[in-house]
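The values are calculated or read from the model by the stated rules, or taken from the named source; none is laboratory data. Fair warning: this is a prediction, and the values are worked out from it, not measured in the lab. Note that each Cβ is placed from the backbone with ideal geometry, even for glycine, and that neighbours are counted across all protein chains shown. Heads up: the accessible areas ignore ligands, DNA and RNA and are worked out on the full protein's heavy atoms, side chains in. Shrake-Rupley method; radii C 1.70, N 1.55, O 1.52, S 1.80 Å.
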Amino acid sequence: MDLGLKGKRGLVSGASSGLGLAAAKTLAAEGVQLVINSRSEFRLEQAAAEIEKATGVKPMLAAGDLSKESERRKVIESALDQVEGGVIDILVSNAGGPPPGAFLEHDSKLFEEAAGLVLDSAVGLTHGLLPKMIEQNWGRLIYITSVGVLQPIDALILSNTYRSAVTGFCKTISNTYAQHGITANCVCPGYTATERLNNLAEKTASETGKLVTQVIEDYAALIPARRVGKPEELASLITFLASERAGYITGTSIPVDGGLHKGLL
Ligand code: NAD
């Protein structure tokens, strides 16, 4: 299937590992001219080398901490400066997850930091990139959220809180800008094998005395597919949503979770 992605220009944030890196690889393999972001220039260079080895495409880099407004602006400027024509057609908005824990484990400063990382990063990137998408009457906005927005995960109150806000933001954007050929969708990973999942499993292991492998087996036991997901499985959906073919899909939140979410819709 030709996805019509050759020559499109994309920015994938939080792309030095995990889900962002997998999305960057899949988009690069489809011929997208790619800029990748994460905080560390060094880790980005490693990710770029990995993407180039896998796909033959060398991505451009825009390092910066997306939870900080000043750095976010520089990332946007750098991305727009580097791509041909100065327009990003596809945004995959992603960053690290906020720390796990129950409500009273987090003071207001941690809530503020989580808002910066999860919500402000998504809103800020959209502010920076959307106007030029509107001018050209074409754009794809894809936000990596979590299955926790469909069914909150008890130990992840920071994530549940701000990813739900991203979902409301995305839905509203989708309503307003669909008439300009722009789609906006959320993709909702379930338990997926990345550094983030390992860190969460390590926390549970230290609290329960279980081995990390046992904690991950416990996650798998909750999932109808009886295994955690692979980053490439989310990346495939992202790549389809970014494509010409997905032009009539907008305002959705789509789980990629092996059936973990048990609701009808
Ligand atoms: P990860 O930790 O493997 O990767 C996160 C990426 O974001 C890394 O490249 C990291 O360098 C980058 N990053 C972190 N903070 C940043 C910042 N302030 N500015 C720019 N880049 C930053 O995590 P992952 O598993 O790939 O998860 C990606 C997102 O999806 C996270 O928000 C996570 O909470 C969410 N999520 C993951 C899972 C899962 O099971 N892996 C499930 C649901 C939701």
Next item on the list: Could you pull out every one of the lysines with an alpha carbon less than 18 Å from that of Lys8, ignoring same-chain neighbours closer than 8 positions?
Entry: Lys25, Lys58, Lys132
Item checked: Accessible area (Å², 1.4 Å probe, nearest 10) - Glu50 -> 80 Å²
Next item on the list: Enumerate the amide H contacts of Ile182 below 5 Å, restricted to partners 5 or more residues apart or on another chain; note that Pro and chain-start residues carry no placed amide H.
Entry: Gly139
Notebook entry, point to check: Just from the alpha-carbon atoms, what are the Rg and Dmax of the range 164-263 in angstroms?
Noted result: 16.6, 54
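Carbon and sulfur together cover what percent of the accessible area of the range 1-103 at a 1.4 Å probe radius? The partial results should precede the final answer.
Numbers: 2220 of 4500 Å².
After summing per-atom areas, the C and S share lands at 49 percent.
Rounded to two decimal places and with Rh computed the Kirkwood way over Cα pairs, what is Rg over Rh for the range 47-89? List each step's numbers first, then the result.
On the way: Rg = 12.0 Å, Rh = 11.5 Å.
Dividing the radius of gyration by the Kirkwood radius yields 1.05.
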Check: At each listed q (0.13, 0.16, 0.17 Å⁻¹), what is the log10 of I(q)/I(0) that the Debye formula gives for the chain modelled as equal alpha-carbon point scatterers?
Finding: -0.81, -1.24, -1.40
Margin query: Please list 3J(HN,Hα) in residue order for the range 38-55, calculated via the Karplus relation 6.51 cos²θ - 1.76 cosθ + 1.60 where θ = phi - 60°; whole Hz, with x for glycine and proline.
Written below: 6, 5, 9, 4, 4, 5, 5, 4, 4, 5, 4, 5, 5, 5, 5, 5, 6, 10
Note to self: What translational diffusion coefficient, to the nearest whole µm²/s, does the range 154-218 have by Stokes-Einstein, given a Kirkwood radius computed over alpha-carbon pairs, a temperature of 25 °C and 0.890 mPa s viscosity?
What the structure shows: 172 µm²/s
Note to self: Give me a comma-separated list of calculated 3J(HN,Hα) values for the range 172-185, in order, Karplus coefficients 6.51, -1.76, 1.60 applied at θ = phi - 60°, integers in Hz, x for any Gly or Pro.
What the structure shows: 5, 4, 4, 5, 6, 10, 4, 5, 9, x, 10, 10, 9, 9
Item checked: q = 0.13, 0.25 Å⁻¹, the range 58-150: log10 I(q)/I(0) [Debye, one scatterer per Cα] -> -0.50, -1.35
Note to self: Going by amide H atoms built from the backbone, whose H comes under 5 Å of the H on Val187, apart from near neighbours?
What the structure shows: Tyr143, Ile144, Thr145, Ile254
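What value does the range 108-236 have for Rg/Rh, both radii from Cα atoms and Rh as Kirkwood defines it? Before the final figure, lay out each step's value.
Numbers: Rg = 17.1 Å, Rh = 16.4 Å.
On the Cα set of the range 108-236, Rg over Rh gives 1.04.
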Notebook entry, point to check: How much of the accessible area of the range 165-230, probe 1.4 Å, is carbon plus sulfur, in whole percent?
Noted result: 55 percent
Check: Residues of the range 115-265: accessible area per residue at 1.4 Å, in Å²?
Finding: 47 Å²
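Which of the peptides 159-166, 5-12 is most tightly packed, and how do the rest follow, going by the mean number of other Cβ atoms within 10 Å of each residue? Show your work: numbers first, answer last.
Details: 159-166: 20.9, 5-12: 22.5.
In descending order of packing, they fall as 5-12, 159-166.
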Notebook entry, point to check: Cα centroids of the range 11-28 and the range 195-243: how far apart, whole angstrom?
Noted result: 17 Å
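Could you work out [θ]222 nm for the chain from helices alone, using -39500 (n - 2.57) per DSSP H run of at least four and dividing by all its residues? Round to the nearest 500 deg cm²/dmol.
Numbers: 9 runs with 122 residues, N = 265.
That comes out to -14500 deg cm²/dmol.
Tell me, Kirkwood radius of the range 1-132 from alpha-carbon pair distances, in Å? Before the final figure, lay out the partial values.
Values: mean 1/r = 0.0663 Å⁻¹.
Evaluated over the range 1-132, this radius sits at 15.1 Å.
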Next item on the list: Pull out the extension gain between Ile249 and Ala29, defined as 0.36 nm times the separation in residues minus the alpha carbon to alpha carbon distance; nm, one decimal.
Entry: 77.0 nm
Next item on the list: Based on the mean of other Cβ atoms within 10 Å per residue, sort peptides 55-61, 21-27, 114-120 so the most packed one is first.
Entry: 21-27, 114-120, 55-61
